[in-house]
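Worksheet for the structure shown next.
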Amino acid sequence: MKTESLYVHIPFCDNICTYCDFAKVYYSGELADRYLVALFDELRRRAQNRYKTIYIGGGTPSALDESQLETLLQGLQDYLEHGAEFTIEANPESLKPGKIALLKKYRVNRVSLGVQTFNEDLLQSLNRRHNNAMVDETVALLKKAGIANINIDLMYGLKGQTMADIKNDLDHLINLDVPHVSYYSLILEEHTMIARESYPELEDESLGEISKLIDGCLEANGYKHYEVSNYAKLGFESRHNLAYWHYCNYLGVGVGAASKIDDRIIQNNRNLYKYLGGENIQEVSEQSQKETMFNHIMMSLRLKEGLDLEGFNQRYQVDFEKFYRKVLAKHLGHTMMIRDGFLVLSKNAYDNLNSILVDFL
């Protein structure tokens, strides 16, 4: 299978958020210069073609200074297919006008802003450095520059967050008029600062109320709920993330990045200094076809459209309905259904997705 998506990891941050478990370090100009050299060395060794989607994530890619950002964006032009979706993650406080001009110059056409909440007291508890005025200004500047494909990341399940807070977040979001929203439930990752706190878990009843509020508000304002945590206006679904959810191949470069190439999962080193020394690949795992099929099912059932059965059968040369007949006998008509050639979960089954997936193992 051809690899058409490229993920580029930039690990630098001006500050470390309390909930983040991604490979990251505090920004250093000298380290960032060395990192970009190592990054393009890896790209020259591993990249095979131009890509239909490129996604620069982090960390905080916008923490790079203007010269470093230009080096990164200019160097990636050699890997960018005509008409590609070219995304960069950014924080509102570090995406200044000069950097936005560079995004436009080098064909970045999608920006994902880490906002998390519009409650500024909650932002401080997450160790975030922006305020609402910065978000509003950044969105306005991006639109003025002609970059209208903007995603806003939001979170629920924060300590002390109320239903009124979530309603206010939604109201502010709707007023910004951006075409894509990623709305995540807080996950207490093991190696994060926030995991050491006494943090209450949301009960199922509260989760249900929050989901109903978010879904109802966003769908009433023209957003389609197309993946468990993602909403988009028509035509603005994330093409890069859809490649993950359809379990297509993707190349990941940079410290801590992962790649999926056919039946191989390749994990890059999370140690920055080893990566700078050229030790970029940490582990290569060969998956059996059954393991790859399971991963494909796991990813695609997150989509509201579900799993494309014909595409699955062609890719793996199996008959899905025969291969998983016991699972289907248990779940069809209850937690899942086949609709227009797609295996889809019933409306209330997403909260129990993990327990359903166990049956596919």
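Bear in mind these aren't lab numbers, they're just calculated from the coordinates by the rules spelled out. If you're wondering where the values come from, they're calculated on a predicted model, not measured in any experiment. Methodologically, a virtual Cβ is constructed for each residue, glycine included, from the backbone with ideal geometry; neighbour enumeration extends over all protein chains shown.
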Spatially proximal lysines relative to LYS159 (Cα-Cα < 19 Å; intrachain offsets below 8 disregarded): LYS167
P(r) over all Cα-Cα pairs of segment 220-351, 5 Å bins from 0 to the longest distance, whole percent per bin, short to long, reads 2, 9, 16, 18, 17, 14, 11, 7, 4, 2, 0
Determine the relative contact order of the chain: mean sequence separation of Cα pairs under 8 Å and six or more apart, normalised by residue count, in whole percent. 16 percent
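Using only alpha carbons, build the gyration tensor for the chain and give me the equivalent ellipsoid semi-axes, biggest first, whole Å.
Values: eigenvalues 197, 150, 79 Å².
Working from the Cα gyration tensor, I get semi-axes of 31, 27, 20 Å.
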What is the distance in Å between the Cα centres of segment 328-348 and segment 42-103? 39 Å
Label-point separation in nm, LYS304 to ARG107, each point 7 Å along Cα→Cβ: 3.2 nm
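For ARG325 and ALA164, compute 0.36 nm times the residue count separating them, minus their Cα-Cα distance, and round to one decimal in nm.
Working: separation 161, 0.36 × 161 = 57.96 nm, distance 4.53 nm.
Difference between extended and current length: 53.4 nm.
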